[in-house]
Amino acid sequence: PKLPPLEQAPLDPPAATAPPEQVAEGHRIFHTNCWMCHGDSAVNHGGVPDLRRSVAIADPATFKAFVLEGAAEPLGMPNFSKDLTPGQVEAIRAYVIKRANDLKADPSQP
C-alpha cells in the first residue's frame, strides 16, 4: 500500500519524559548537525522526513540505527557515527519528541 506523504502521517509521538537538560542538549546538537536537512526547530518543509511525525522517534534503537548505523544512507541520510555519541543521539531524540508533543498540543504552531 502507498503511504501518505509524511506531512500527513499521523502525529503520535511518545510522551515527552526526558529531563529538561537532556532536551536542551538535544536542541543544541540538532541545531548543529540536523537542522540543515530536517528544518529549523525540527519543522521540515519537504524533501526529507519531518522527524516530529517519524515512527523512528518511538524507539531509541531505531532512531540510533538511522543516525549512528547508517540505516538510511541509501536514502541520503548521513551516518553520524564518527560525529555523535549514543548519548547525544538520545538527546536529539528527546528534543524531537518534545517538538512532536508541542505540535500535538498546538497543531497551529509551525
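The values are calculated or read from the model by the stated rules, or taken from the named source; none is laboratory data. Everything quoted here is computed from the prediction, not taken from an experiment. Note that we place each Cβ from the backbone using ideal geometry, even for glycine, and neighbour counts take in every protein chain shown. Heads up: the accessible areas ignore ligands, DNA and RNA and are worked out on the full protein's heavy atoms, side chains in. Shrake-Rupley method; radii C 1.70, N 1.55, O 1.52, S 1.80 Å.
Hey, among the residues in segment 54-102 that are among the charged types (D, E, K, R) and under 18 Å from ALA24 (Cβ atoms), which one's nearest to the chain's Cα centre (by Cα)? Across segment 54-102, the extreme among qualifying residues is ARG93.
Can you find even one residue in segment 68-78 that is assigned to a helix (DSSP H, G or I), more than 16 Å from PRO14 (Cα to Cα) and either at pLDDT 95 or above or open to solvent by less than 60 Å² (accessible area, probe 1.4 Å) (or both)? Can you show your working first?
Looking only at segment 68-78, we keep the residues that are assigned to a helix (DSSP H, G or I), and these are 68, 73-75.
Filter again for more than 16 Å from PRO14 (Cα to Cα), leaving 68, 73-75.
Add one more test, that the residue is either at pLDDT 95 or above or open to solvent by less than 60 Å² (accessible area, probe 1.4 Å) (or both), and what stays is 68.
Checking segment 68-78: at least one residue is assigned to a helix (DSSP H, G or I), more than 16 Å from PRO14 (Cα to Cα) and either at pLDDT 95 or above or open to solvent by less than 60 Å² (accessible area, probe 1.4 Å) (or both).
Of all the residues in segment 79-88, those that are open to solvent by less than 60 Å² (accessible area, probe 1.4 Å), in a loop (DSSP other than H, G, I, E, B) and either in contact with a Cys (Cβ under 7 Å, 6 or more places away or on another chain) or touching a residue at least 40 places away in the same chain (Cβ under 8 Å) (or both) number 2. Here is a check on your reading of the model: is HIS45 closer than 22 Å to ASN101 by Cβ and either open to solvent by less than 60 Å² (accessible area, probe 1.4 Å) or modelled with pLDDT of 85 or more (or both)? It is false that HIS45 is closer than 22 Å to ASN101 by Cβ and either open to solvent by less than 60 Å² (accessible area, probe 1.4 Å) or modelled with pLDDT of 85 or more (or both). Scan segment 10-20 and give yes if some residue there is open to solvent by less than 70 Å² (accessible area, probe 1.4 Å), modelled with pLDDT under 95 and part of a helix (DSSP H, G or I), otherwise no. No: zero hits.
Do the conditions hold for ALA58, that is, is it surrounded by 19 or more Cβ atoms within 10 Å (Cβ to Cβ) and at pLDDT 90 or above? It is false that ALA58 is surrounded by 19 or more Cβ atoms within 10 Å (Cβ to Cβ) and at pLDDT 90 or above. Filtering segment 100-107 for residues that are part of a helix (DSSP H, G or I), free of Cβ contacts under 8 Å to residues at least 40 places away in the same chain and open to solvent by 30 Å² or more (accessible area, probe 1.4 Å) leaves a non-empty set.
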